[in-house]
Every structure is written in structure tokens, then in C-alpha cells.
Amino acid sequence: MSPLSQLTGRQWYLHKAQYEARTVTQEKVPPYSVRLIAAEAKTGKKASYEGGIEEAYWIRFRDDGMVETNCTNNQTAHPEDVLFSQGCAAGWTPACDGKLITVKNGSLFPLTFVAEQAKFTVSIKQNKLVLSRQEGSHLTMVEGNFDAE
């Protein structure tokens, strides 16, 4: 079975995301909170933040090729979601091998820029998703571990 057949229709909550400059870990704090811990790659310096569950980082791949994330309906001046440090994922397309996806960034900084995209390999085991960057800018997530609810 292709991993992509298990990708859609589920909301995937971030567990851990590695970027070139930092690692971000997200933990649930019962009953309705979430804690984010960011560790800088070079210094190891950590910062944490606790907020409401509505601030959790998540992603959903839809069958129609659209992507929903924590910032889809929360457009701020500088949106950021789990895949793109700057911007918000907007759409995705599968590769024919069933293990690679291309995700497009729907936010442009400034508006004259060409839309950014990144390619990720997909690995799913039960309720665990791992996305590993194959192509993309230095700001794009390198590897992310997610849990489905």
C-alpha cells in the first residue's frame, strides 16, 4: 500500500521538527494546552512557550490537492506553518512512485517572488508520519515527525 493513500484525510500534529537552525518539539499539556520547545542547533540554547491547543502546529493533506495547516485560516502579517518557516503551505502533488510529494508555499514574501516549493519523502507507520526534505530552501523543515489523532 502506498504511503500516500494513508496521508490524506487525517490531521497530523507535530511531535518534532528539525530545521537547519533549530529543532522544535511540541508536547500536549492536558487538558487544553500545548508546549513548544525550540533548541538552537549551534548553541543548544532552548526556549519554551505554552499556549492553548488552538496554537498547536498541525497539517492536513486533502484529496483535492490542498493543504491545511495551523495558519490556513489564521493569516497574520508573517504566517508560519510547520513546513515553511515563512509562509503557509497551500497545495501538494504526489510523485508517481507513491513516496514523494511536492508541497507549494501559498505565501509570497514579497508578493513579487515566485512561490516556493519543497519535496518530501513520506513514511507512515500506523499513526506516525515522517516527512523528510529532499529539495527545498534552508528555511524549509528538514525532517518532521507527526502523530495522527
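Any residue in the range 10-29 that is loosely packed, with under 15 Cβ neighbours inside 10 Å and touching a helix residue (DSSP H, G or I) at 6+ places or on another chain (Cβ under 6 Å)?
Checked the range 10-29: no residue is loosely packed, with under 15 Cβ neighbours inside 10 Å and touching a helix residue (DSSP H, G or I) at 6+ places or on another chain (Cβ under 6 Å).
How many residues are under 16 Å from the mean Cα position of the chain (by Cα), within 17 Å of Phe120 (Cα to Cα) and not in a strand (DSSP E or B) when one looks only at the range 5-19?
Selection size over the range 5-19: 2.
Read the figures in this text as sums done on the coordinates, not as results from a lab. Note that the coordinates shown come from a computational prediction; the quantities given were computed from them, not determined experimentally. Cβ coordinates were reconstructed from backbone atoms using ideal geometry, including for glycine residues, and neighbour counts include every protein chain displayed.
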